[in-house]
Amino acid sequence: MIMFQEGQLKSLGIATALIILNIAVMWIFAFTPLAAVNELLFGTFLFLGVIVYGALLTGGVWLARKGVRNGDKTQALAGTSIIQLAYGMFGAGIIGMLSASIQATALGLTGVVTTVIAVFSGLLVFGTDYDFSSWGQYANYIFLGVLGVSFIGSFSGIFALISFTLALIGFIVYLIHQIYVTKTRPSTPFLNGIGLYTAYMGVFVQILQMIVEMLLSRE
């Protein structure tokens with residue numbers, strides 16, 4: 001039986017709260033002009049969208065973690081807000097393609113699928129003694145691959161699909177690494193919570209694109 005320490009449960013609670021908030025932000029943004037940001041970025045040049053969102057997420061995570069480490073609540077809040085903004089705009093652009101009546105269905109289905117992936121990832125980490133410490137580095141390599149492939153994908157549809165697939169794999173690898181960090185460093189719940197939240201939402205928005213495409217094909 002898997003037993004969780006207090007710090008690990010606190011990390012999970014922080015991550016869950018941030019995830020729920022971000023999904024709410026995403027849905028609210030879907031009814032604002034921010035929902036058009038995706039079309040503006042990716043419609044102009046796929047690589048541009050990848051760069052902009054990548055920079056927002058990287059900068060937001062860096063700022064949030066630095067704020068937590070330094071005990072600077074303003075800095076931590078600013079970094080977390082940037083992450084919320086990035087995922088909120090990206091997700092809003094995706095569900096904005098659907099009618100308002102089925103947006104909740106898309107978000108709900110995505111939440112279920114993503115949570116199943118997260119649970120299996122957790123069982124993999126907590127149910128084995130495997131060392132996943134290097135998987136964060138693997139995720140970074142994959143994300144670098146996304147940058148390169150997305151540039152080519154700006155001119156070729158098949159490479160755009162490969163870029164999406166790599167991004168999904170990268171976020172799952174990153175999620176597994178963040179769960180491992182939570183397992184091995186339970187004394188830093190706020191840092192772990194931000195890591196879990198960022199990784200989960202990365203998987204979430206990738207799955208959301210698949211769910212929305214499926215629902216659009218049925219309309």
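We did not get these values from a lab; they are worked out from the coordinates using the rules stated. Predicted model, so just to flag it, every value in this text is computed and none were measured. Cβ atoms come from the backbone with ideal geometry, glycine included; neighbour counts cover every protein chain shown.
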Here, A104 and M214, labelled 7 Å along Cα→Cβ, have an inter-label distance in nm of 2.0
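Are there chymotrypsin sites (Phe, Trp or Tyr not before Pro) in region 117-155 that DSSP puts in a loop and that have at most 13 other Cβ atoms within 10 Å, and which ones?
Values: sites: F120, F126, Y130, F132, W135, Y138, Y141, F143, F151, F155; in loops: Y130, F132, F155.
Answer by residue number: Y130, F155.
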Using 17 Å as the cut-off for backbone N distance, which residues of region 165-185 belong to the label zone defined by a point 7 Å from the Cα of F126 along Cα→Cβ? 175-185
Chymotrypsin sites (Phe, Trp or Tyr not before Pro) within region 27-94, DSSP loop, no more than 15 other Cβ atoms inside 10 Å: F31, F45
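Residue separation times 0.36 nm, minus the C-alpha to C-alpha distance between N70 and N140: what's the value? All intermediate terms of the calculation are to be shown ahead of the outcome.
Working: separation 70, 0.36 × 70 = 25.20 nm, distance 2.46 nm.
Residue separation times 0.36 nm, minus the Cα-Cα distance, leaves 22.7 nm.
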From fewest to most C-beta neighbours within 10 Å, the residues D72, D131 line up as D131, D72
In the chain, which whole DSSP H runs stretch at least 24 Å along their own axis (Cα) and average 0.0 or higher on the Kyte-Doolittle scale? 6-29, 46-70, 73-95, 100-126, 135-153, 157-184, 189-218
If the elastic network links every pair of Cα atoms under 10 Å, which of T198, T128, T58 fluctuates the most in the Gaussian network model of the chain? T128
Evaluate the Kirkwood expression for the hydrodynamic radius of region 6-214, namely the inverse of the mean inverse distance over all pairs of different C-alpha atoms, and round to one decimal in Å. 17.3
Sequence-distant aspartates and glutamates (8 or more away, or on other chains) whose Cα lies within less than 20 Å of K10: D72
If the chain between V112 and L21 were fully extended at 0.36 nm per residue, the gain over the current Cα-Cα distance would be 31.1 nm
Which value in nm describes the separation of the simple spin-label points at R185 and T44, placed 7 Å from the Cα toward the beta carbon? 3.6
Considering the options T105, F143, G60, tell which one lies farthest towards the positive end of the dipole of the chain, charges being +1 on Lys and Arg and -1 on Asp and Glu at the Cβ, about the Cα centre. G60
Test of understanding: what is the full-extension gain from A55 to Q5, defined as 0.36 nm times their sequence separation minus their Cα-Cα distance? 14.6 nm
Between L161 and V119, what is the spin-label point distance in nm, taking each point 7 Å from the Cα along the Cα→C-beta axis? 3.1
